[in-house]
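The values are calculated or read from the model by the stated rules, or taken from the named source; none is laboratory data. Since the structure is predicted, the reported quantities are computational estimates derived from the model, not experimental observations. Note that we place each Cβ from the backbone using ideal geometry, even for glycine, and neighbour counts take in every protein chain shown.
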Amino acid sequence: MLTAYYMGGAYEVTGSAVKKYYSVAGMMVAVNDGTGLQYLLTDHLGSTVAVTNASGTLTSQQRYPSTSSGRRLPFGAARTIPNSPILVTDFGYTGQRKLDDGMGGIMDYKARFYSPYLNHFTQPDTDVPASQGVQGLNRYAYVSNNPLRYTDPTGHAAYSETEAGCSGGGPACIMDMWSGYDDADHMMAALRNWVRYHKDYSPVTDNKLSDEEKATVSIAMFQAVVEDTPKGASLSDILKNTFSSAALVGIFGIINEGINMSPHDGGGGGYYSHKGFIDNLSGMSDRSLNRTIRSLQQNIDEHMDKIISNPNSTAVSHWQKEIRTWSEQLALAVGEAARRGIR
């Protein structure tokens with residue numbers, strides 16, 4: 001039996017085999033398993049349907065939904081095109097990871113496991129989203145039994161490009177949908193998934209949001225970039241290349257404003273916990289600011305190495321929290337640098 005280690009969907013080690021995944025704007029586009037770069041092609045749900053080599057030659061493919069023995073299989077059971085199964089990656093239906101064919105194709109949907117052959121989750125949802133109506137009362141159901149339209153990135157809630165069924169759509173809708181739950185983590189996960197699909201969106205100009213809500217969405221945008229950054233890459237450089245200087249300045253400004261106007265300063269995590277850091281940023285010299293950016297990047301890299309080297313340590317969850325905190329602070333520091341015109 002081999003033990004597999006997964007690092008944020010960007011790096012995995014199974015025995016002596018290493019795979020590296022590459023993402024662009026939050027979308028996984030390629031993998032290198034040591035034999036060379038291979039490109040992943042997806043359908044409208046984000047399912048991996050084909051693989052090409054570096055020269056663009058099609059090497060393998062599969063389909064969802066598919067037809068087998070006269071039956072439609074819209075819930076993720078894959079039909080492999082003869083003589084060309086996709087073997088280079090476990091990421092398949094809606095971009096989620098298949099764990100084991102021997103377990104009936106069980107897939108990891110983060111919060112719980114899903115079976116494309118049973119057409120439902122194997123554990124009940126811990127949330128009952130009010131926005132899904134009567135369908136939401138079936139806590140084992142997959143995406144309200146509408147798999148041709150929706151995906152479920154977190155294992156907790158059906159999601160579509162248009163956020164159909166939620167008045168208005170977009171981040172305002174998502175925050176309204178989660179307003180009845182004391183669960184900021186799942187709300188932020190839903191926001192991160194939404195901004196990944198809407199690369200041109202800017203909370204700065206979203207008049208449906210309050211200043212505090214704009215700050216929340218801005219942090220979600222930065223978090224999405226952090227999660228999609230491959231190990232060894234410079235997060236500060238990726239932030240600069242992902243957002244224009246104007247966008248960085250605008251986002252930094254509304255995060256700062258959201259903190260200053262909030263009655264919850266200093267508590268609750270998220271951007272509330274960074275007020276002191278932002279206050280310090282404004283007083284830093286340009287040289288100190290650049291040194292802070294380099295130091296935060298180094299801290300993140302060192303803790304990532306700790307997790308890879310000691311995956312069974314009891315300190316892993318603590319290291320992960322520190323990485324998240326430093327990543328958010330790095331995003332804020334890069335925003336301040338952009339405000340000053342430092343690139």
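Here residue 4 meets each of (1) closer than 24 Å to residue 303 by Cα; (2) crowded, with 17+ Cβ neighbours inside 10 Å; (3) modelled with pLDDT of 75 or more with one exception, condition (2). Going by the structure shown, is residue 313 of a type in the set (S, T, N, Q), under 30 Å from residue 4 (Cβ atoms) and not in a helix (DSSP H, G or I)? Considered against the rule, which asks whether it is of a type in the set (S, T, N, Q), under 30 Å from residue 4 (Cβ atoms) and not in a helix (DSSP H, G or I), residue 313 comes out as yes. When restricted to residues that are of a type in the set (A, V, I, L, M) and assigned to a loop (DSSP other than H, G, I, E, B), region 40-56 contains 2. Restrict the check to region 182-194 and report whether at least one residue is modelled with pLDDT of 80 or more and of a type outside the set (Val, Ile, Thr). Yes, that holds for at least one residue.
Within region 298-325, residues that are in contact (Cβ under 8 Å) with a residue 60 or more places away in the chain and more than 20 Å from residue 276 (Cβ to Cβ) sit with their Cβ atoms under 9 Å from residues that are in a helix (DSSP H, G or I) and not hydrophobic (A, V, I, L, M, F, W, C), at 6+ positions apart or across chains, in these pairs: 307/320.
In region 114-127, the residues that are farther than 18 Å from residue 150 by Cβ form Cβ pairs under 8 Å with partners that are among the small types (Gly, Ala, Ser) and at pLDDT below 85, at six or more places apart or across chains, as follows: 117/77; 117/104; 117/105; 126/111. Inclusion of residue 200 among residues that are modelled with pLDDT of 65 or more and over 19 Å from the mean Cα position of the chain (by Cα) is not warranted. Sub-9 Å Cβ pairs linking a first residue in region 9-24 that is surrounded by fewer than 15 Cβ atoms within 10 Å (Cβ to Cβ) to a second residue that is at pLDDT 85 or above, at least 6 apart or interchain, are 17/33; 17/34; 18/12; 18/32; 18/33; 18/34; 24/30, ordered by first then second residue.
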